[in-house]
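Visitor: One structure coming up, written as structure tokens, with questions to follow.
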Amino acid sequence: MDSEIRWWFPGFEAGLAALPKEERGTLLRSCAENCLQMGMLDFYRGVHERTGGEIDAFFQALGEMGGLDTEIVQPGKEFWLIFHQCTCSLHTQGYINSCLLCECSRQSVLHILRELWPERSFIVDPEGTILNGAQDCRFHIIEREEA
């Protein structure tokens, strides 16, 4: 990105902070979906295909790759997805360092899960992120129980 646009990001960050949490999620969901279309969604689809669409095998395969870890807490229902670094270009290029950006990552994980298992519903909670001062970004994933 052009360094001349750096002036814009503090305003964007202030605007995010001013939005109610639900509206922030809506905005960042659109950003996450757009970002995933740049290639990462295809990557996750490939892992899904290689593991036969079986969710435990999917998380196990992700955990065997570098840069992230996974934990299967309850087979088929509950998982941890742990990233060892923030890979968001807005952060790595120094544009935004606010933990408000972590909602975009949460929305990315939700979008991937919805794309790969559209018949299922999940809750994704970030429980520590790098931009919040943690060592890594930890996402707790639980399949939502049908009411």
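Visitor: So is residue 31 surrounded by 13 or more Cβ atoms within 10 Å (Cβ to Cβ), modelled with pLDDT under 95 and within 19 Å of residue 114 (Cβ to Cβ) or not?
Guide: Answer is yes for this residue.
Residue-wise test of (1) touching a helix residue (DSSP H, G or I) at 6+ places or on another chain (Cβ under 8 Å); (2) of a type in the set (Ser, Thr, Tyr).
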position: 4; (1), (2): no, no
position: 12; (1), (2): no, no
position: 15; (1), (2): no, no
position: 29; (1), (2): yes, no
position: 35; (1), (2): yes, no
position: 44; (1), (2): yes, yes
position: 48; (1), (2): yes, no
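Visitor: Okay, next question. Any idea how many residues of segment 98-147 are of a type in the set (A, V, I, L, M, F, W, C), in a strand (DSSP E or B) and touching a residue at least 24 places away in the same chain (Cβ under 8 Å)?
Guide: Qualifying residue count, segment 98-147: 4.
Visitor: Of all residues in segment 64-115 being of a type in the set (Phe, Trp, Tyr) and farther than 20 Å from residue 49 by Cα, which is farthest from the chain's Cα centre (by Cα)?
Guide: Filtering first and then ranking leaves 95.
Visitor: Just to be sure, is residue 72 surrounded by 12 or more Cβ atoms within 10 Å (Cβ to Cβ), at negative phi, touching an Asp or Glu at 6+ places or on another chain (Cβ under 6 Å) and in contact (Cβ under 8 Å) with a residue 12 or more places away in the chain?
Guide: The answer is yes for residue 72.
Visitor: Here is a follow-up. Quick check on segment 119-147: of everything there that is basic (Lys, Arg) and touching a Leu at 6+ places or on another chain (Cβ under 9 Å), which residue is surrounded by the fewest Cβ atoms within 10 Å (Cβ to Cβ)?
Guide: In this case the residue turns out to be 120.
The values are calculated or read from the model by the stated rules, or taken from the named source; none is laboratory data. Worth saying up front: this structure is predicted, and the values here are computed from it rather than measured. Because the Cβ atoms are built from the backbone with ideal geometry, glycine has one as well, and the counts that use them run over all protein chains shown.
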